[in-house]
Amino acid sequence: MRAIPAVALLLASLACHAETPQQIRQIYVAEASSQQAGFTPSAKRGEAFFRQRFANNDKMPACTSCHTDSPLNAGEHAVTGKSIKPLAVAANPNRLSDPAKVEKWFGRNCKEVVGRACTPAEKADFVTFLSEVR
Amino acid sequence: MKRLLLIALLGSAFPALADRLPMPANAPTSFTTECSSCHIAYQPALLQAADWRKLMAGLGDHFGSDATVDQKTGQEIGAFLERHAGSASRVGNAGNPPRITQTARFIRKHDEIPAKYWRDPRVKSAANCEACHPDAAKGSYSEHDISIRELRE
């Protein structure tokens, strides 16, 4: 209960200007910890999630369908063929700099690929993976 | 002055020379941020106003994708697209859901392309204008600038 106003405050303070990947990770970690005491994010779980195949959408069974096997590489939209810049912060410094943008694409991509919203823990792991992968 | 008039006359005399479809200079930034992630930001002249209205009303299920924007942004983008839309008689109907690639104009401009190219792995989809028109995002569709060699004349 106490974590919710904290998350709201963080989000509000982050809303208007560019942020660092650490701050964005912190938002999701705070949210995940409020649901699961002692939560610590894991780049390894994030990577497993990135590669996991879901039986929801045969045009895009996994995150890798558009973002390729490595977030360090440029990807390609599975339906339209449009190129997509790398997701890893090491390869693309613009990533994980806008909390609203990150949240928007988790919303879209999780719905399309997984068939449901991603949990705060999954998002925390995923952004940890994107920040650390080299 | 006379030159301007001549250019205007020429322009209206050869509407078929539609190889340049520049993005109107007053395009709101919301249009580029919201509409150019999954494909190029299609130029408004590629659909008629009624079809843009239909498309903007269905962003929640946009060809299987979620392309929703907040209400204010939706109004801004919609107004821009409708203001600069193509003329109904020149573009033709786009079907439902509206597709540029189903308009009479698109079909006429591409009727010499063998069917197999639309399924070519380099192309993927007819909506992937950039696969063949490398400067499509800049509004350049000239038949002299086609990146698939076999389709060059």
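The values are calculated or read from the model by the stated rules, or taken from the named source; none is laboratory data. Keep in mind that what you see is a predicted model, and the values were worked out from it rather than measured. All Cβ positions, even for glycine, are placed from backbone atoms using ideal geometry, and neighbour counts span all protein chains on display. Each accessible area value is taken on the protein alone, full model and side chains, heavy atoms only, with ligands, DNA and RNA left out. Shrake-Rupley method; radii C 1.70, N 1.55, O 1.52, S 1.80 Å.
Things worth noting here:
- Looking across A:108, A:116, one residue alone is free of Cβ contacts under 8 Å to residues at least 40 places away in the same chain and open to solvent by less than 20 Å² (accessible area, probe 1.4 Å). It is A:108.
- Residue match in the stretch B:38-49 (condition: exposed (fewer than 15 other Cβ atoms within 10 Å of the Cβ) and either in contact (Cβ under 8 Å) with a residue 24 or more places away in the chain or more than 13 Å from every other protein chain (Cβ to nearest Cβ) (or both)): no
- Near pairs, Cβ below 7 angstrom, 6+ apart or cross-chain, from the stretch B:127-139 (more than 10 Å from chain A (Cβ to nearest Cβ)) to any residue that is hydroxyl-bearing (Ser, Thr, Tyr): B:132/B:147; B:133/B:140; B:133/B:141; B:134/B:147
- Residue A:95 satisfies every condition listed in (1) outside any helix (DSSP H, G or I); (2) open to solvent by 50 Å² or more (accessible area, probe 1.4 Å); (3) charged (D, E, K, R) except (2).
- Among the residues of the stretch A:51-68, those that are under 19 Å from residue B:38 (Cα atoms) and open to solvent by 80 Å² or more (accessible area, probe 1.4 Å) comprise A:58, A:59.
- Once the stretch B:88-97 is narrowed to residues that are more than 11 Å from the chain's Cα centre (by Cα), over 14 Å from residue B:126 (Cβ atoms) and of a type outside the set (S, T, N, Q), the residue that is surrounded by the most Cβ atoms within 10 Å (Cβ to Cβ) is B:92.
- When A:130, A:87 are screened for being within 14 Å of another protein chain (Cβ to nearest Cβ) and under 10 Å from the mean Cα position of the chain (by Cα), only A:87 passes.
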